[in-house]
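Contents: one structure, followed by commentary.
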Amino acid sequence: MQLSIRDLSKTYPNGTHALKAVSLDVSPGMFGLLGRNGAGKSTLMRILATLQEPDTGAIALGDIDVIRDKDRVRETLGYLPQSFGFHPRVSAERLLDHFAVLKGLVEPRVRRGVVESLLRRTNLWDVRARRVGTFSGGMRQRLGVAVALLGSPRLIIVDEPTAGLDPEERVRFLNLLSEIGEGSVVILSTHIVEDVEELCNRVAIIDRGEILLEAEPARAIDDL
Ligand code: ADP
Ligand code: ADP
């Protein structure tokens with residue numbers, strides 16, 4: 001499924017032009033959105049995740065109108081925000097099970113299978129019974145990935161995922177993302193060049209609400 005963004009603009013009530021006629025075409029695979037703080041990344045990510053509306057512009061995910069048809073987008077969307085407030089006293093397994101119910105996986109046997117497979121894929125199977133409050137930053141981030149993957153999303157939005165991870169966790173986390181993202185459109189927003197350098201097949205550079213350049217990582221980074 002192809003993601004097409006056309007002339008997206010957003011101005012906040014205080015007059016900040018967060019996005020200025022942003023257009024992008026994204027194919028399945030890892031796509032990096034690189035820009036410094038305040039460039040407009042989160043605004044774009046929240047609009048893609050149907051949490052916010054642009055002033056003008058259009059977004060299509062396959063045949064889905066992302067701005068108008070939010071329910072259909074949400075059926076096929078995985079969103080990993082910068083930080084999430086998981087209940088600290090609940091085990092990873094129960095938490096994931098709970099989100100699975102919310103996603104409509106009501107049949108217990110099916111749900112158990114999905115939850116087990118996600119815990120294994122994110123390397124959390126051995127710690128599934130532990131309270132989330134005892135998890136390291138890297139483990140919490142992987143649990144966020146497991147939640148985002150419920151329902152086999154075709155569009156996965158990951159906003160500044162490596163903030164707060166130590167270098168080793170960062171590498172492991174990025175590798176996990178690239179594995180799980182296969183076949184889906186995965187958009188990774190970051191201000192860290194190294195995050196996009198190795199794993200993304202395309203990169204767009206955003207600055208003050210404008211896309212400066214869209215290219216393969218090596219070229220985009222040379223032009224920085
Ligand atoms: P990034 O994620 O790249 O840091 P943001 O999308 O968060 O960028 O912000 C883009 C610009 O919009 C920044 O100048 C920021 O200060 C501003 N901004 C973000 N959210 C709001 C808001 N709710 N109200 C006013 N200005 C905002
Ligand atoms: P911490 O963040 O406290 O280091 P982790 O859960 O990240 O804890 O890692 C615990 C152990 O599990 C690590 O020592 C590592 O060897 C292993 N591990 C975690 N994630 C992966 C992964 N994706 N691939 C391989 N090994 C992993």
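Values in this text are rule-based calculations from the coordinates and carry no lab data. Quick caveat: nothing in here was measured; it's all calculated off a predicted structure. Here the Cβ is made from the backbone with ideal geometry for all residues, glycine too, and neighbour counts use every protein chain on show.
Things to note:
- Shape call, segment 170-224: gyration tensor on alpha carbons, a/c limit 1.5: prolate
- Between the residues Thr50, Pro81, Ile64, the greatest Cα displacement towards the positive end of the dipole of segment 38-114, with unit charges on the Cβ of Lys, Arg, Asp and Glu, is found for Pro81.
- Here the chain carries DSSP beta bridges of which approximately 50% are antiparallel, counting only pairs with both residues inside.
- Of the GluC sites (Glu not before Pro) in segment 138-222, the ones in a loop by DSSP (not H, G, I, E or B) with at most 10 other beta carbons within 10 Å are Glu182.
- Once the chain from Glu75 to Arg36 is taken as fully extended at 0.36 nm per residue, the excess over their C-alpha distance is 11.0 nm.
- Put a plus charge on the Cβ of each Lys and Arg, a minus charge on the Cβ of each Asp and Glu, and nothing anywhere else: the dipole of segment 110-224 about its Cα centre is then about 1080 debye.
- In segment 76-224, Cα pairs under 8 Å separated by at least six residues give a relative contact order of 25 percent.
- Computed across segment 105-224, the Kirkwood radius stands at 15.8 Å (inverse of mean 1/r, all Cα pairs).
- Here the simple spin-label model places points 7 Å from the Cα toward Cβ, and for Tyr12 and Arg112 these points are separated by 4.8 nm.
- The alpha carbon convex hull volume per residue for the chain rounds to 121 Å³.
- For segment 33-124, the Cβ-based charge dipole about the Cα centre amounts to some 440 debye (Lys, Arg positive; Asp, Glu negative; other atoms uncharged).
- FRET efficiency, 1/(1 + (r/R0)^6) with R0 35 Å, evaluated for Met1 and Glu194 via beta carbons: 0.80
- Label-point separation in nm, Leu213 to Leu102, each point 7 Å along Cα→Cβ: 4.0
- Placing a label point 7 Å from the Cα of Leu224 along the Cα-to-Cβ direction, the residues of segment 32-62 with a backbone N closer than 17 Å are 32-41.
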